[in-house]
1. Considering only residues that are among the acidic types (Asp, Glu) and in a helix (DSSP H, G or I), look in the stretch B:103-138 and name the one that is surrounded by the most Cβ atoms within 10 Å (Cβ to Cβ).
2. So, restricting to strands (runs of 3 or more DSSP E) that lie completely within the stretch A:35-147, which ones have at least 3 residues that are surrounded by fewer than 15 Cβ atoms within 10 Å (Cβ to Cβ) and not hydrophobic (A, V, I, L, M, F, W, C)?
3. Among the residues of the stretch A:362-385, are any acidic (Asp, Glu), within 11 Å of another protein chain (Cβ to nearest Cβ) and more than 49 Å from the chain's Cα centre (by Cα)?
4. Any idea which of A:Arg169, A:Arg174, A:Arg219, A:Arg183 is in contact with a strand residue (DSSP E or B) (Cβ under 7 Å, 6 or more places away or on another chain) and at pLDDT 85 or above?
5. Any residue at all in the stretch A:220-227 that's surrounded by 13 or more Cβ atoms within 10 Å (Cβ to Cβ), out of contact with any helix residue (DSSP H, G or I) (no Cβ under 7 Å at 6 or more places or on another chain) and part of a helix (DSSP H, G or I)?
6. Of B:Gly167, B:Gly211, which residue is more than 30 Å from B:Gly62 (Cβ to Cβ) and within 12 Å of chain A (Cβ to nearest Cβ)?
7. Restricting attention to helices (runs of 4 or more DSSP H) lying wholly within the stretch A:367-471, give those where 1 or more residues are closer than 22 Å to A:Asp352 by Cα and either in contact with a Leu (Cβ under 6 Å, 6 or more places away or on another chain) or outside the structural domain of A:Tyr349 (by TED's automatic domain parsing) (or both).
8. For the stretch A:213-222, give me the residue count where each residue is of a type outside the set (Val, Ile, Thr) and either touching a residue at least 40 places away in the same chain (Cβ under 8 Å) or touching a Phe, Trp or Tyr at 6+ places or on another chain (Cβ under 8 Å) (or both).
Amino acid sequence: MDRKVFRKAIERFWEIAGGVSVRTKILGIVLGGTILFGLTTVLQVRYALHQVLVARTQDWGIAMASDLAARSTDLVLINDLLGLYRLLQDAIAHNPELRYLFVVSSQGEVLAHTFGTGPEFPAGLLEANPLPSGAPYRLQPLRTPEGIIWDIAVPIFRGRAGVLRLGLRDTAVRAAMNTVTVRLLLTTIVVSALSLGIALILTHLIVRPIRGLVAMTERVARRDFTARATIWANDEIGALAHAFNTMVEELAQQEQMRAFYLQRIIEAQEEERRRIARELHDETGQALASLRVGLRNLEQTMDPDTLRSRLEDLYQLVDQTLNRVRRLAFELRPSVLDDLGLVAALERYIRDYRERFGIEVEMQVVGLDERRIPPTIETAVYRIVQEALTNAAKHAKCQRISVLLQASLRMLSVIVEDDGCGFDVEQTLRAGRESRLGLYGMRERAQLVGGTLTIESAPGQGTTIYLRVPLEGA
Amino acid sequence: MIRVLIADDHAVFRAGLRLLLSAQPDIAVVGEAGDGWQTLKQAEALQPDVILLDLTMPGMPGLQTLALLRQQVPQARVLILTMHEDEAYLRQALAEGAAGYIIKRATDEELVAAIRAVARGEIYIHPAMTRALLEDLIPAPKIPETPEPWENLSEREQQVLRLVAVGHTNQEIADRLGLSVKTVETYRARGMEKLGLRTRAQLVRYMIQKGLLKE
C-alpha cells in the first residue's frame with residue numbers, strides 16, 4: 001500500500017513538474033540549488049562559528065578571572081574590601097560581556113560583589129559552581145532568565161584566599177553569530193537573484209530555438225515547405241534544427257517530385273486516352289465504315305465471282321480489325337491477368353515480346369504454382385516487369401533476358417536481368433527527369449504494394465532489376 | 001438432331017449463330033442465354049446436347065460457369081466459343097472439363113464441324129490453338145549436359161551461385177561474403193561459364209534439377 005501511495009505521489013509530482021514550461025523548470029532548478037546551497041552554508045558556518053566563539057570567549061573569561069584573582073590576592077589577604085570592590089567594579093565597567101563578579105572568602109563568605117548594595121545577591125548562585133580544591137578553574141554554564149551565563153570559578157592564592165567567581169554573558173557570541181547569519185542570508189539572496197537573472201538569459205537562449213522549431217514544424221504541417229529553422233548555436237538543439245531543415249528539404253523535394261509525377265501520370269493517362277481514341281476512330285471506325293460500304297456494295301453485286309472475292313476482302317478486313325482491337329485491349333489491360341493470374345499473363349506478354357523485339361526471354365517460376373497472389377501485387381509486378389522489359393528493348397541492346405519469379409511464404413522476389421549494355425544507375429537517377437521517369441515509376445509501383453526495387457547495373461555489365469514484395473501469410 | 005444452347009452476351013452474335021446453325025439439317029438451337037446464371041438455368045431446363053459457351057460474359061466468370069455446368073448437367077458437352085486465343089485459357093477450360101475450344105474468328109464450317117465433333121463425344125480444339133498443346137508433348141529442351149559438374153566449382157563460386165540463385169543482389173552477396181561487388185561478379189561469371197549457363201533463369205533451373213536449391 002505504501003508503495004502505491006509513494007508511486008502516486010511521484011506521479012503527481014511529474015504531473016506538476018512536467019506541466020510547467022522548460023523555462024520554469026530551469027529557473028526552479030537554479031533557484032532551488034542556490035537557496036539550498038545558501039542555507040546549508042549558513043547552518044555550517046553558524047555551527048563552526050559557534051564552536052570557535054564559545055571556546056574563545058570562555059578562554060578569555062578564564063584568563064580574565066585568573067588575572068583578577070591574581071590581582072585580588074593581596075587585597076583579600078590584607079582584607080581591603082573597598083579595594084577589592086573597586087577592582088571588581090572597574091573590571092565590570094570595562095567589559096560589558098561580564099555579567100557579574102564576586103569574591104568568596106575561604107570561609108564561604110562573599111567579600112565583594114557587583115550586584116550593587118542590598119540583599120540582591122541572587123539566591124543559589126554561591127553554591128552553583130563549587131570549585132574542587134586544587135583545580136585551576138571550573139566552568140559551569142548557568143541557565144538564567146537572561147540567557148546562558150558561563151560561571152567561572154578561579155581560586156585566589158591557590159584557594160587559600162578564597163575563590164573569584166565571574167559570570168560571562170553569551171551576548172557577544174550571539175551578536176556575532178547573528179551578524180554573520182544575516183550577511184550570509186543577504187549574500188544568498190543576492191546570489192539567487194543574480195543566478196536567476198543568468199538562468200533567465202540562458203533559458204531564453206534554450207527556449208527561443210525550441211519555440212522556433214515548434215513554429216516551423218507547424219508551418220511544415222500546413223505544407224509550407226519554405227519554413228526553415230534558424231540555427232542559433234552549434235549545440236544539440238542546433239543539430240536538431242539542422243536535422244529538421246534537412247528533413248524539410250527532403251520533404252519539399254519529395255513533394256515537388258510527387259507533384260511532378262502526378263502531372264506526368266495525368267499527362268500519360270491523357271496521352272494513352274488520345275492514342276486509344278485515335279486508334280478507335282482512325283482504325284476501328286474506318287474499318288467498320290468501309291465494312292459498311294462493302295456490305296452495301298454486296299447488295300448490288302450480282303455476279304457470283306465478284307461477290308465471292310468481295311466477301312473475301314470483307315472477311316479479311318474484319319479479321320484485321322478484330323486483331324487490332326484485341327491487341328489494343330491486351331495492351332490496356334490483359335484479361336489473362338485477371339482471369340488466370342500473373343504467370344499466365346507474363347507468359348503471354350513475353351511470347352508477344354519475343355516476336356515483337358526478337359529478344360530471347362526466359363522465364364523461370366519457382367513456388368507460384370496453383371497460387372494466386374493479391375491482385376494489386378499481381379498488377380504491380382506485371383507492370384514492373386513490362387516496364388523493365390520495355391526498357392531493355394529500348395535501351396539495353398541486349399540479346400537475352402531472364403525473368404525470374406520466386407515465391408516463398410512471405411516474399412515474392414522478381415528478378416529481370418538482361419545481358420545488354422547497362423547504364424550508370426546513379427547518374428541516370430540524378431540526370432534529367434525524363435530518362436529516369438520509368439525507373440521512378442517502377443519504384444513507385446513497388447512501394448505502393450510495400451515492396452522494394454533495386455537496380456544493379458553498370459556500363460557494359462547488363463542490368464538487373466530486383467523487386468521484392470512481402471506477401472501477407474497467404 | 002443435335003440440340004444446342006447458345007450462351008453469349010451479345011444478342012447480335014447469338015442471332016447470327018442461330019441463323020447459321022438453323023441452316024444445318026442436323027442441328028437445332030433450343031435456347032439462348034446472356035450470362036452465366038441464365039446459362040445454368042437454361043441448361044438445366046432444356047438439357048441440351050451441346051452448350052456453346054462464351055468465356056467472357058457479365059457476372060460470373062466463364063470458367064466458373066463451365067465448372068458449374070459440368071456439375072449440374074454433366075451429360076451436356078460444353079464447347080467454348082471465345083475471343084481468347086491464349087493457351088492459358090485453353091488449358092484451364094480443358095482442365096475444367098470443356099469438350100472443345102473454338103475461337104470466334106473461326107469460319108462457319110469450322111464451327112459446325114466442331115459442334116458435330118463434340119456431339120459425337122470427341123474433343124475439338126481449333127487448329128490455331130493446337131500448337132500450345134503440342135508444345136507440351138514435345139519434351140522441353142533438357143538443360144544440356146554442363147561442361148563441368150557442380151563439384152568442380154570452387155567453394156566461393158558455389159557460394160556465390162547459390163546466393164545468386166535464391167535472388168540476392170550482387171551488393172548483398174558482396175556484403176554477406178565480405179567481398180567487393182566486382183569480385184562477386186567475377187566469381188559468378190566464372191561459375192556460370194564453367195557450368196555453361198548463360199542466364200539467371202537457367203541457373204535456377206539447373207539448381208532445381210540438380211536439387212541444389214534447398215533452403
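The values are calculated or read from the model by the stated rules, or taken from the named source; none is laboratory data. Please read all numbers here as calculations on a predicted model, not as lab measurements. Here the Cβ is made from the backbone with ideal geometry for all residues, glycine too, and neighbour counts use every protein chain on show.
1. Result: B:Glu110.
2. Fully inside the stretch A:35-147 and qualifying: A:138-144.
3. Yes, the conditions are met somewhere in the stretch A:362-385.
4. Step by step, each of A:Arg169, A:Arg174, A:Arg219, A:Arg183 is checked, and only A:Arg169 is in contact with a strand residue (DSSP E or B) (Cβ under 7 Å, 6 or more places away or on another chain) and at pLDDT 85 or above.
5. No, the stretch A:220-227 has no match at all.
6. That would be B:Gly167, the only listed residue that is more than 30 Å from B:Gly62 (Cβ to Cβ) and within 12 Å of chain A (Cβ to nearest Cβ).
7. Qualifying helices (runs of 4 or more DSSP H): A:375-391, A:433-448.
8. 2
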